[in-house]
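Read the structure below first, then the notes.
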Amino acid sequence: MYKLSIAEASKKLESGQISSLDLTESILRRIDEVDPKIDAYLKVLKDEAIFDAKESDKRRKAGKTLSKIDGIPLAIKDLLCTKNIETTAASNILKGFTPCFDATVVRKLKDAGVVVLGKTNLDAFAHGSSTENSDFKTTKNPWDQSRVPGGSSGGSAAAVAADECLGAIGTDTGGSIRQPASLCGVVGLKPTYGRVSRYGVIAMASSLDVIGPLSKTTEDAAIILEVIAGRDELDSTTLDAPVPEYSKSLGRDLKGKKIGVPKEYFKSGMDEDVESVVKEAIEKIEKLGAEIVKISLPHTDYALSVYYILQPAEVSSNLSRYDGIRFGHSVLRENVDQTLEKVYMQSRGEGFGDEAKRRIMLGTYVLSAGYYDAYYKKAMKIRTLVKRDFEEAFKEVDAIITPVSPTPAFKIGEKSDDPVQMYLSDIYTVPINPAGVPAISVPAGFVTRDAKDLPVGIQIIGPQLGEEVILNIAHQFEKVSGVNKKKPQI
Amino acid sequence: MLTKEEVLHVAKLAKFDLSEAEVEKFRLQLSNVLDLFKKIDDVELKDIEETSQVTGLKNVLRNDEVVCKKDLTCCTTEELLKGTPIKDGNSIKVPKVIGGTDDV
């Protein structure tokens, strides 16, 4: 039962073939069986999940079902606040932090009757591409447990790939949904900036952060997005545009669709086998009737720098709230002679891991006197050009296809001491966030490493609020590729 | 290449202690990352405006009043202070701000 997609499970729930309790217990047994190997979860909410599943079944019996995903068990990245449940961002400085409110996304899921299974692992504060920056543990890739699942939403991606949930919520600031989705062989959707409320999500870089689904199928991604998208008065950056029924747009054929392939994304540096998978995928999409055109996004080469200047700048500001005074890890003690400065310095020195320190320092540096103009201001201007590249391209094409990651999943430890190599692994995903456009990673094929199949995804990018277009293309491709039918052996 | 003094200065601005080993490690790693950024100097930026907000929203305002919707934003003072290290009734106790040996 744990193998079901959300769409399949909701049909079975509706027809009474299964109950939410059966489904939830099946998943919980699956977690017991495989999570000791995968380490996708930081916390499994067994009792709460069983309680919520029984409530859902009662509602169904009474004819009071809340939505089409009532009773569906999902996992939540531990960057989203959950009321009365510890929320850590996988960081020591927030260990033991228990919010007294739900993030808007969590509340919307609960209001739709979703069963929350637990909180998934991530790189601490979502800083990373492998989950190795988690202060608690590294999640393993279900396809090869000596490799990373990607990150930062690596726990969510691995949980979906290993059938430890029917779907999961992740966050994406520079690829944190799409890259782990690609490396784990699942679907990951980064919506338009402001399409989903950030309220109650521990902030990383507020002008880039987006919340979205990781799922087994594109249809499931559409179903989750329908529930979580929309204006929220608690997040002033959310968009007022009506939320379409995304799952209704999937069936259209691709005839007449114009899809751009930007030459800047196919330069040297990409793994050859990955490149073949991406190119074959583009051919398949062409065979479906779409017209493939070569395009240029001329400022792509600068986007990585823009991202790694703006993002740490915003990180340094957002993470200044962890001060050891109000909440979180602290050296402050009653009746000890301490000064404020010392409490800050020691609490933060002990509480932050290496990557958080690196990003805070980088951000502090590019914002500091003498460097603001040379780095930050310049990056803000190039951001305009990166965004303009996409706007120009979307005057000609309906969507853009690129690779997601230059390599398949890399080995645990391979890049963990080399931030530059780690940052370069984000090269195809980071240009998207500064432009605010939506993008989806959908499984496209496999490459073989050490006699193991490793998944490779493609990225389909749309114009702002173009989620329907990219979900449609991704779904039509998924139907002919059949890649997501294959499951990892754990 | 960043100097040790620059690293210590940034850590002080960022308000955290670094061990000797961390200073050296971050000096090298951050210098390598800053090297990546050199290429942005090639871009012609005359008359280009900065972008901080990408979806075109402007001045989203609300009334300045406490809104309590469902149980979403309505934490009690007690709940809010649950994780606070030292408090005095409903107040957060803060150590002395001036007078220490490490004033800056």
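Values quoted throughout were computed directly from the atomic coordinates according to the rules given, and no laboratory measurement underlies them. Keep in mind that what you see is a predicted model, and the values were worked out from it rather than measured. In this analysis, Cβ positions are derived from the backbone assuming ideal geometry, glycine residues included, and neighbour counts consider all displayed protein chains.
Things worth noting here:
- In range of the label at residue A:54: residues from the range A:1-33 whose backbone nitrogen is under 15 Å from the point 7 Å along Cα→Cβ: A:20-25
- In the protein assembly as shown, taking the dipole from charged Cβ atoms about the Cα centre, the farthest positive-side position among A:454, A:444, A:171 is held by A:444.
- Distance between the modelled labels on residue A:268 and residue B:38, one decimal in nanometres: 1.8 nm (7 Å Cα→Cβ projection).
- Per residue of A:185-193, other chain Cβ atoms within 10 Å of the residue Cβ number 1 on average.
- Set of aspartates and glutamates near residue A:46 by C-alpha distance (under 18 Å), chain-local residues within fewer than 8 positions excluded: A:22, A:25, A:32, A:33, A:35, A:55, A:57, A:70, A:78, A:86, A:163, A:164
- What separates the Cα centres of the range A:27-97 and the range B:1-48 is a distance of 40 Å.
- Top positive-direction residue, dipole computed over the protein assembly as shown with Cβ charges, set B:83, B:68, A:9: A:9
- Extension gain (nm, one decimal) between residue A:12 and residue A:451, 0.36 nm per residue minus Cα-Cα: 154.3 nm
- Scanning chain A for cysteines with no neighbouring cysteine C-beta under 4.7 angstrom from their C-beta gives A:81, A:165, A:184.
- Look at A:440, A:285 and count the other Cβ atoms within 10 Å of each Cβ; fewest to most, that gives A:285, A:440.
- Restricting the calculation to Cα atoms, the range A:300-381 shows an Rg/Rh of 1.11 when the hydrodynamic-style radius is the Kirkwood one.
- Beta bridges from DSSP with both residues in chain A: antiparallel share about 70 percent, rounded to the nearest 5.
- Shielding value for A:283-291 is 0, the average number of Cβ atoms from other chains within 10 Å of each residue's Cβ.
- By the beta-carbon count within 10 Å of each Cβ, the least crowded to most crowded order of A:39, B:64, A:240, fewest first, is B:64, A:240, A:39.
- Förster radius 51 Å - calculated FRET efficiency between residue B:92 and residue B:22 (Cβ-Cβ, nearest 0.05): 0.95
- Of B:48, A:169, the sequence from fewest to most neighbouring Cβ atoms within 10 angstrom is B:48, A:169.
- In this simple spin-label approximation, residue A:280 and residue B:65 carry label points 7 Å from Cα along the Cα→Cβ vector, and these lie 6.2 nm apart.
- Comparing Cα centroids, the range A:240-255 and the range A:339-354 end up 48 angstrom apart.
- Of A:357/B:93; A:43/A:263; A:43/A:479; A:381/A:411, those spanning more than 32 Å from alpha-carbon to alpha-carbon: A:43/A:263; A:43/A:479; A:381/A:411
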